[in-house]
Amino acid sequence: MQPFRTAALSIAALVGLSLPVLAADGLAPRDEPAKTLPVPDTVSPELQAVIAQPLHDGWNTPPTTPDGWRDLAAKLEAGLGPQVAPMAERLRVDIRPDTIDGVKVYRVTPRDLPPANAHRLLVHVHGGCYVLNPRLAALPEAVMMAGIARMPVIAVDYRMPPEAYFPAALDDAETVYKAAIATVPPANVGVFGSSAGGALTLETVLRAKRDALPMPGAIAPGTPMSDATKRGDSFRTNALVDNVLVSPDGFCHAATLFYAQGHDLADPMLSPVYGDLHGFPPTMLTTGTRDLLLSNTVRVQQKLHEAGVEADLQVFEGMAHAQFYRDDRIPEDRLAFEQLAGFFDRHLGR
């Protein structure tokens, strides 16, 4: 390598260029000058308004105490919860709280359930970095799926810090999954969720494999938090571009550390991209071009392909983290769930 390096130095001097400073691993990083990113004109006006929103409030000032996290969850629920009932009315679904083997859930059921879907069931695990979106705040994604796919959904209102830490959320998701496959054939069951819910979807299947449970018919992890160790290109390229998560060192990483309570972040039950994905059911992943977790999502698809698993990927123009399930009135959001509905319809038994 030394003769090449010497020649490169000579050529650089000859043409008046300077070589990049190499990182410790000998690979040159890409230095990018500051630039302005316009709102793309290639998306709907409704999505343009979402993309134009400022960086997520409080992204760099996460709570530092258990009470602080509890208060933040309550504040966000107070803002998001009231949006659920109007969405349910628009999409013609009914919501009923219930408990399954000690786990709090919501049963979200289409009012016009087609006979073809009467023996199908979807299990939903919500996002929120493992510490946010309790109770009604957990439901927008479940309501959109039930209303657009016209399939019954059980939404898991799993335990969260500071009342319960890792692996409580995963324990609750597995408990509900076990109950679901005892109710309908496993091939008729789908599991879905986004962000932490996307990670929990993957983790639930890993747990099912470990415990020799039947696989679900299909899963749909949206923009999964599949690598809690913050590895992945888009953690850098989309930092301060994603107006939801904003930074790999922001509130969501702090929340994950709070949930993990010192547990190894590379454990596949926290970072499922490091798990054995052989034998997984057909999978559909969703992300956006401005998503901080774009790489997390792409890497899961690549690993699934390497394991011989059918894995589809939909990537939405301009979207930051998990912006595809917030509002059924945004055309791209509806399209995302129409695609997910078609995916589950193709792969679930009847």
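The values are calculated or read from the model by the stated rules, or taken from the named source; none is laboratory data. Just so it is clear, the structure is predicted and the values come from calculations on it, not from any experiment. Positions of Cβ are backbone-derived with ideal geometry, glycine not excepted, and every protein chain shown enters the neighbour counts. Please note that ligands, DNA and RNA were not included when accessible areas were found on the heavy atoms of the full protein model with its side chains. Shrake-Rupley method; radii C 1.70, N 1.55, O 1.52, S 1.80 Å.
Tabulated results
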| quantity | calculated |
| --- | --- |
| Theoretical ellipticity at 222 nm over the chain - DSSP helices of four or more residues, -39500 (n - 2.57) apiece, nearest 500 | -11500 deg cm²/dmol |
| Cα Rg, Dmax, region 57-196, angstrom units | 15.3, 50 |
| Net length gained if the chain between E310 and T109 were fully extended (0.36 nm per residue, minus Cα distance) | 69.5 nm |
| Lysine pairs with alpha-carbon atoms under 23 Å apart, the chain, spacing 8 or more or separate chains | 5 |
| Under the Karplus curve 6.51 cos²θ - 1.76 cosθ + 1.60, θ = phi - 60°, whole-Hz ³J(HN,Hα) for region 255-264, x wherever Gly or Pro sits | 5, 5, 4, 5, 5, 6, 6, x, 5, 4 |
| Between region 280-346 and region 213-235, the Cα center-to-center distance that results, in Å | 10 |
| Whole-Å semi-axes of region 14-133's equivalent ellipsoid (Cα gyration tensor) | 44, 23, 19 |
| Neighbour-limited loop hits for trypsin sites (Lys or Arg not before Pro), region 20-105 (at most 14 other Cβ within 10 Å; DSSP other than H, G, I, E, B) | R30, K35, R92 |
| Alpha-carbon Debye profile of region 244-350, log10 I(q)/I(0) at 0.18 Å⁻¹ | -1.06 |
| Computed label-point distance, nm, for sites R210 and E46 using a 7 Å Cα→Cβ extension | 4.0 |
| Restricting region 284-350 to GluC sites (Glu not before Pro) in coil, as DSSP defines it, with at most 11 other Cβ within 10 Å | none |
| Apportionment of accessible area to carbon and sulfur, region 163-317, percent (1.4 Å) | 54 |
| Average accessible area per residue (Å²) across the chain - probe 1.4 Å, nucleic acids and ligands excluded | 44 |
| Calculated Rg and Dmax of region 83-125 using C-alpha coordinates, Å | 11.7, 31 |
| Zero-based 20 Å bins, Cα pair distances in the chain, whole percents | 30, 55, 12, 3 |
| Rough spin-label spacing in nm, given labels placed 7 Å along Cα→Cβ, for Q83 and D98 | 2.7 |
| Percent of alpha-carbon pairs separated by more than 19 Å within region 115-194 | 36 |
| Translational diffusion coefficient (Stokes-Einstein; Kirkwood radius from C-alpha pairs) of region 149-296 at 4 °C, 1.567 mPa s, in µm²/s | 82 |
